[in-house]
Amino acid sequence: MSVYKFVELVGTSPTSWEDAARSVVAEAGRSLDELRIAEVVKQDLVVAKGKTTFRVRVNLSFKVLREEGEVIITEDDLPIISYDHF
């Protein structure tokens, strides 16, 4: 069974949305293994002091890696916590 996680990241570039997206994936790849899908979910421009900055919001998925023999805790394994005493 494979498990994937999504993170939302923002990248910027002074030249294009494509470069902003590339920078997000490149930077994330430095610390995350098994990158799978990068989905640009929003694009915008920041205009300040006569300069334009391209921004992209990216949902990036990566495979969750386990060490050999490591056990993954499922939701069913978690205790039920009651807050009735508050």
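The values are calculated or read from the model by the stated rules, or taken from the named source; none is laboratory data. Because the structure is predicted, anything quoted here is derived from the model rather than measured. Cβ placement follows ideal geometry from the backbone for every residue including glycine, while neighbour counts extend to all protein chains displayed.
Here are the numbers for this structure:
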item	result
Cβ-Cβ under 7 Å pairs, at least 6 apart or on other chains, region 28-48 side without any contact (Cβ under 8 Å) to a residue 40 or more places away in the chain, far side of a type in the set (A, V, I, L, M, F, W, C) and loosely packed, with under 12 Cβ neighbours inside 10 Å	ASP33/LEU65; GLU34/LEU65
Subset of region 44-72 that is of a type in the set (Gly, Ala, Ser) and surrounded by fewer than 10 Cβ atoms within 10 Å (Cβ to Cβ) - its residue that is modelled with the lowest pLDDT	GLY69
Residue in region 3-43 that is surrounded by the most Cβ atoms within 10 Å (Cβ to Cβ), counting only those that are out of contact with any strand residue (DSSP E or B) (no Cβ under 6 Å at 6 or more places or on another chain) and among the hydroxyl-bearing types (Ser, Thr, Tyr)	THR15
Flag if THR12 is touching a Leu at 6+ places or on another chain (Cβ under 6 Å) and in a strand (DSSP E or B)	no
